[in-house]
Amino acid sequence: MTTTCDIAVIGAGMAGASIAAEIARLAGSDASVLLLEAERQPGYHTTGRSAAFWEECYGGPEIVPLTLASGVYLREHNFLTPRGALYVARDGDAAVAAFIDRFAGTGVQIEVLDRAGVAPMIPGLRAGWGLAIHQPSCADIDVAGLHAHYLALARQGGVILRPNSRIAALERAGAGWRLQAEDGTEISAGVVVNAAGAWADDVAALAGARPLGIGPLRRTVAQLRTDPPAPATLPLVLDLAGQFYFKPENGRLWLSPHDETPSPPCDAAPEELDVALAIDRLGEVVDWRVEAVERRWAGLRSFAPDRRPVYGWDADVPGLFWFAGQGGFGIQTAPAAARLGAQLLLGQARDAMTEALDASLYAATRFA
């Protein structure tokens, strides 16, 4: 038996769940939407392993508009908890001035602190770390809550979620698509949305489209018990040179070596070397003693070659819409990205959230 829908969204992580919800909200009864997830649990891979935060500079100046546009929605729906962030740097690091120049005019809230301003915020800060860029508006994101929110909105809008539906075949059928899942289920759709995350290029290849070079990169996080314990008031601390970041979590410390190791699409697992490297780097910046590594995990963050997300119609294959390549900023930009993606797909006018966004920055056709 063949299931028929107007729009089939492949992938039910944050990307797929959010755009499916926005499509259903904007299209109403004019479009039936099927949300297809390869795993039993939506969000099992990247979304479920994210230590996400809303940080205005994360991803660079071209991502800032998406982040700022999403912040209003995230705050209004209570998905943000104030945290604050510090990009720390060694004494005399010229990269501080370069960072400030890079984000000038973007609308982000940042200020430079000297050691007198930094030291009270990071107990045990070692000598030599005398500069920081402070972002007071940085906040923790309730990732699970946000993902559940979009799945619920999608369901309320009539979207049908189909877990355990890994797509094995995808081909044009007249003006639409014929999809076949590994279990033999067949689906007929007018439009396919490629929101497959680390598997986005694989889905494109199945559809006969040219892969865009969206590459998965492994990111490792470890949960540590430290002496002294990580204070609840500790901000998110990031190395300006990109060697580590850490933040408190329920009396423990979440620490990452900020690794970006190329990986095939897979169920990512942490490497002991990356955990050891993170701990070594932590010891360079604070004098805390690591008592135990209580937990470790890894996830895949997928980037296009220019590290901008990909939202829009494929340049060559009709009926294929890209919504992928959202890297490590996919959670914090989800509201604006999903709204913009749905508007582009449905050909609808922009609204207050998206009117200032330059969609050409993210168009799939930029790789044509």
Starting from the coordinates of the alpha-carbon atoms of the chain, obtain the Kirkwood hydrodynamic radius over all distinct pairs and give the value in Å to one decimal.
-> 21.2
Karplus couplings for the range 267-278 from phi (6.51 cos²θ - 1.76 cosθ + 1.60, θ = phi - 60°), rounded to Hz, Gly and Pro as x?
-> 7, 5, 10, x, 9, 4, 4, 5, 5, 4, 5, 4
In order through the range 338-351: 3J(HN,Hα) via Karplus (6.51 cos²θ - 1.76 cosθ + 1.60), integer Hz, x for Gly, Pro = 5, 5, 5, x, 5, 5, 5, 5, 8, x, 9, 5, 6, 10
Pull up the DSSP beta bridges for the chain and report the antiparallel fraction as a percent, rounded to 5.
-> 70
Estimated 222 nm signal from helices in the chain, with DSSP H stretches of n ≥ 4 weighted -39500 (n - 2.57), rounded to 500 = -7000 deg cm²/dmol
Surrounding net charge for TRP177, when Lys and Arg each add one and Asp and Glu each subtract one, Cβ distance under 13 Å | -2
Residue by residue through the range 355-368, which ³J(HN,Hα) values in whole Hz follow from phi under the Karplus form 6.51 cos²θ - 1.76 cosθ + 1.60 (θ = phi - 60°), with glycine and proline marked x?
-> 4, 8, 7, 8, 5, 5, 4, 10, 5, 5, 5, 5, 9, 5
If amide H atoms are built 1.01 Å from N in the plane of the peptide, which residues on other chains or at least 5 residues away come under 5 Å of the amide H of ALA168?
-> GLN180, ALA181, GLU182
Loop-located GluC sites (Glu not before Pro) in the range 286-368 whose Cβ has at most 15 other Cβ within 10 Å (DSSP) | GLU355
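FYI, it's all coordinate maths here, none of it is from the lab. Here the structure is a predicted model, which is why all the values come from computation and not from measurement. Methodologically, a virtual Cβ is constructed for each residue, glycine included, from the backbone with ideal geometry; neighbour enumeration extends over all protein chains shown.
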